[in-house]
Amino acid sequence: MAVSTRWSTTSSLTCILGTVVLAMFLVDRGVLKLPMPHPAHESYIHRWPKEAPFSSTPPDASMRNSLLQQYAVRLFEGQLHNVETVTVEASTGRLLLPDKWGDVHEALLLANGSYQLNPKPLAQLGPGRVLGSKLDADGNLVMCDVLKGLLRLNTSSGAVQQLASRISASSAEAAGAPIFYANSLDIAANGSIYFSSSSDILPARAAGGLYDTGFAWVLNNFRGLPAGRVLVYHPYTQQTHVVASGFYYADGVALSADASYLLVVETDALRVVKVWLVGDKAGQREVLVDSLPGLPAGLTAASDGNYWVSMTVPLPPISRQVREAHAHCGAPPCHVHSR
């Protein structure tokens, strides 16, 4: 019986593998439309285009996490859960910390340089998850929420306002489209808010109430569509327009000091792209740095005029395997089937 079971298992696995290979072959030629699972169920799998950038440089082992090992201090272990973004109030040193459950916490800077976490949240944002935040000129916390779009929290009263959940009808591109997966932002001196929309796959609510941004990223990566956008919200007109699109998962954004260009992290392309906003190059883009050794995410201006780029993990096997599997099909790119 043991031998019979082993042969049966092997045969089943062979059939499954053969079915997957055949399905990818037919998908690649546009014969078969293979639907994605929820929450990407209105999209279909297709091959990554050959021109899609993808090259990773292994980090120098002597430099790997050296700054973190020397200077980083862990804060609030066991007290906060999955805080994706931290905002520092310059005048007081106070930290503002939205967590995965929608609570916005504050931690006060003490005289000895340590922080004291306020046990009572400043606000509860409801369903969704905040991935990016920044204080505006009035001291309000502007946040990117994957479900609700662009939010503004009055850090004194706790009042929350939704600034943008759809692209305005006046936008030259994607007019009226909902804003999915808002991720990161930066604020110009005139108050305009530039922010990323990573994908058109809306993270779904998982067990326990968490909105699963990680699974939505996996689906976006596997699908291979450059569905990321960068948007701008103008507070004086309350209009939201598309600045640039066609990114392989748009994540961190940072304006230049003179707001002449915007840097955008393109996570699944392992690079940072410069998008010109004004002048003769307005609308054009160029690669600032590529072949990063891991998945880039956050982007923040440094005090010396350079930028900090955070990487969530070294290049995960799934990213390389998906690209290699599609590249080995050897056929012309299949038709793009999307929402």
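The values are calculated or read from the model by the stated rules, or taken from the named source; none is laboratory data. All of these numbers come straight from a predicted model, not from anything done at the bench. Here the Cβ positions follow ideal geometry from the backbone for every residue, glycine too, while neighbour counts run over all protein chains shown. To get the accessible areas, we keep the full protein, side chains included, count just its heavy atoms, and leave off ligands, DNA and RNA. Shrake-Rupley method; radii C 1.70, N 1.55, O 1.52, S 1.80 Å.
Some notes on this structure:
- Some residue of the range 152-166 being out of contact with any helix residue (DSSP H, G or I) (no Cβ under 8 Å at 6 or more places or on another chain), touching a residue at least 40 places away in the same chain (Cβ under 8 Å), in a loop (DSSP other than H, G, I, E, B) and charged (D, E, K, R): no
- Any hit, the range 199-206, residues being outside any strand (DSSP E or B), in contact (Cβ under 8 Å) with a residue 40 or more places away in the chain, surrounded by fewer than 19 Cβ atoms within 10 Å (Cβ to Cβ) and of a type in the set (A, V, I, L, M, F, W, C): yes
- The C-beta contact set for the range 105-128 (first residue within 14 Å of residue 83 (Cβ to Cβ), second residue of a type in the set (Ser, Thr, Tyr), distance under 8 angstrom, 6+ apart or interchain) comprises 106/155; 107/115; 122/155.
- Filter pass, residue 120 being of a type in the set (Lys, Arg) and closer than 25 Å to residue 208 by Cα: yes
- If you go through the range 107-133 and keep only what is more than 16 Å from the chain's Cα centre (by Cα) and crowded, with 19+ Cβ neighbours inside 10 Å, you end up with 107, 122, 123, 125.
- Candidate set from the range 300-319 (those that are closer than 28 Å to residue 221 by Cβ and without any contact (Cβ under 8 Å) to a residue 40 or more places away in the chain); member that is surrounded by the most Cβ atoms within 10 Å (Cβ to Cβ): 311
- Qualifying residue in the range 119-139 (condition: polar (S, T, N, Q) and either in contact with a Phe, Trp or Tyr (Cβ under 8 Å, 6 or more places away or on another chain) or not in a strand (DSSP E or B) (or both)): no
- Yes/no for residue 184 being in a strand (DSSP E or B), in contact (Cβ under 8 Å) with a residue 12 or more places away in the chain and within 18 Å of the chain's Cα centre (by Cα): yes
- Restricting the range 72-105 to residues that are out of contact with any Pro (no Cβ under 8 Å at 6 or more places or on another chain) and not in a loop (DSSP other than H, G, I, E, B), the residue that is most open to solvent (accessible area, probe 1.4 Å): 88
- Looking across the range 167-178 at every residue that is under 14 Å from residue 244 (Cα atoms) and in contact (Cβ under 8 Å) with a residue 60 or more places away in the chain, the one that is surrounded by the most Cβ atoms within 10 Å (Cβ to Cβ) is identified as 167.
- Any hit, the range 269-291, residues being open to solvent by less than 20 Å² (accessible area, probe 1.4 Å), in contact with a Ser or Thr (Cβ under 8 Å, 6 or more places away or on another chain) and either within 22 Å of residue 180 (Cα to Cα) or modelled with pLDDT of 95 or more (or both): yes
- Scanning the range 227-243 for residues that are over 14 Å from the mean Cα position of the chain (by Cα) and crowded, with 22+ Cβ neighbours inside 10 Å gives 233, 240.
- Residue that is modelled with the highest pLDDT, among those in the range 320-335 that are farther than 26 Å from residue 131 by Cβ and either under 19 Å from the mean Cα position of the chain (by Cα) or open to solvent by 90 Å² or more (accessible area, probe 1.4 Å) (or both): 328
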